[in-house]
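S.K.: Sharing a structure below in structure tokens format, with a few things to ask.
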Amino acid sequence: MSNEPLDPIIFQEEENFNLRETVYKYLIYWKWFVLSLVLALILAFILKKQEVPIYNIQASILIKDEQKGMGQDAMLKELNIFSSNKVMDNEIEILKSHTLMEKVVKSLNLTICYYRKKRFKDAEVYDESPIRLEMLQANELAYGSLLPLKLIDSQKIELNGKIIPLNKETSTSYGLLKISLTGQRPDITELTVSIQPIENVVEDFITRLQINTSSKMSSVLILNLEDAVPQRGKDILNKLIDVYNIDALADKNKVTTNTLAFIEDRLKLISGDLSVLEKNVEEYKSREGITDISVESGLFLTNVQQNDLELSKVKIQQIVLNNIEGYVRKKENLPGTVPATLGVS
């Protein structure tokens, strides 16, 4: 056990905090504080101006089930929630299919975007672009590049420093293209065009598209699409619904056409079989000397009626002759009426 003396504990009294001295200490740097605050406000303002607002566009569509009726079985099917959900899930998958969205993108020409330069950012112009670019044959250089366009007059336009004519197919370093005027916003003379592969555009819109049912028992689907251009979002949803209805009608017409073709084939087959049977029957009648049964039966009935009439006449004559014969044989000079001979030839 150590006998070394312990060091005494020294208590030092903490000085009191002086706010004034602290403020004076940092006050000499007030210029830097003000400058930092101003720079922060300017940076926040620039970021806010460069921020692109995203809009949520919504549409609804009613899914009709034509197999539903008013019978008891249909009423029981109405109570089957899982069957209804399955039908709605199938329609959702169809609406979000790559095929339908690709038709929408091609119809609205969404692979090409137009931008106009503003103070802080390039703003996308959708339906206000003064020109329309049609990419007939694009090469790899066209995708991912920004094409600067400058409208010179109603006949020429400058593409990346080169003059090309309007309304004419022109071969450029980006591929074969055609540029025409739309008549919109003649005040816009300079644009930047971006061209994207159709697969990327289709996948982008499918990712941003959300489809849900309004309720568990409802057959109404709610479509939501997030887009920076509200009008483009509206056009996409409207065109998607149109394409969906057109494809559904085409499927129904295809089923009807196939059904009619099947029925016609069966009718042709049955007609052929009947023709063969009728031919065999005619050959058998001709071979056996058999005429038409219906005609023969009519002639037979006519002959029977005629024979019955003649037989009745003969019987009447026979009765009259018997009466005359009896009168003659029994005549013994007795008065009486002589039998009539009417009807006896």
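Let's see how each residue does on (1) part of a strand (DSSP E or B); (2) open to solvent by less than 40 Å² (accessible area, probe 1.4 Å); (3) within 22 Å of Met101 (Cα to Cα); (4) not charged (D, E, K, R):
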position	(1), (2), (3), (4)
Gly183	no, no, no, yes
Asp187	no, no, no, no
Val201	no, yes, yes, yes
Thr207	no, no, yes, yes
Gln210	yes, no, yes, yes
Met217	no, no, no, yes
Leu225	yes, yes, yes, yes
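S.K.: Right, Glu124: part of a helix (DSSP H, G or I) and surrounded by 14 or more Cβ atoms within 10 Å (Cβ to Cβ) or not? Reasoning before the result, please.
M.R.: On the way: part of a helix (DSSP H, G or I): no; surrounded by 14 or more Cβ atoms within 10 Å (Cβ to Cβ): yes.
It is false that Glu124 is part of a helix (DSSP H, G or I) and surrounded by 14 or more Cβ atoms within 10 Å (Cβ to Cβ).
S.K.: Which one of these is open to solvent by 100 Å² or more (accessible area, probe 1.4 Å), among the hydrophobic types (A, V, I, L, M, F, W, C) and at pLDDT 75 or above: Leu334, Leu321, Leu301, Leu311?
M.R.: The match here is Leu301.
S.K.: Can you list residue pairs whose Cβ atoms sit under 7 Å apart, with the first residue in the range 55-71 being within 12 Å of Glu226 (Cα to Cα) and modelled with pLDDT of 85 or more and the second being open to solvent by 100 Å² or more (accessible area, probe 1.4 Å) and of a type outside the set (Asp, Glu)? Count only pairs 6 or more apart in sequence or on different chains.
M.R.: Pairs found: Ile57/Lys234.
S.K.: Six or more apart or on different chains, Cβ under 9 Å: which pairs go from a residue in the range 196-209 that's farther than 22 Å from Asn56 by Cβ to one that's hydrophobic (A, V, I, L, M, F, W, C)? Could you list them?
M.R.: Here the result reads Gln196/Leu110; Gln196/Ile112; Gln196/Cys113; Pro197/Ala138; Ile198/Val105; Ile198/Leu110, each pair linking the range 196-209 to a residue that is hydrophobic (A, V, I, L, M, F, W, C).
S.K.: If you check every pair at least six apart or on different chains, which have Cβ atoms under 8 Å apart with a residue in the range 236-249 that is on the phi < 0 side of the Ramachandran plot first and a residue that is among the acidic types (Asp, Glu) second?
M.R.: Filtered contacts from the range 236-249: Ile236/Asp227.
S.K.: For Glu13, which of the numbered conditions (1) at pLDDT below 70; (2) not in a loop (DSSP other than H, G, I, E, B) fails to hold?
M.R.: In the conditions (1) at pLDDT below 70; (2) not in a loop (DSSP other than H, G, I, E, B), Glu13 misses (2) alone.
S.K.: Checking Ile163 against (1) surrounded by 12 or more Cβ atoms within 10 Å (Cβ to Cβ); (2) part of a strand (DSSP E or B), only one condition comes out false. Which one?
M.R.: Here Ile163 meets the rest and fails (1).
The values are calculated or read from the model by the stated rules, or taken from the named source; none is laboratory data. Everything numeric in this text was worked out from a predicted model, so none of it was measured. All Cβ positions, glycine included, derive from the backbone under ideal geometry; neighbour counts span all protein chains shown. Side chains included, ligands, DNA and RNA excluded: accessible areas come from the protein's heavy atoms. Shrake-Rupley method; radii C 1.70, N 1.55, O 1.52, S 1.80 Å.
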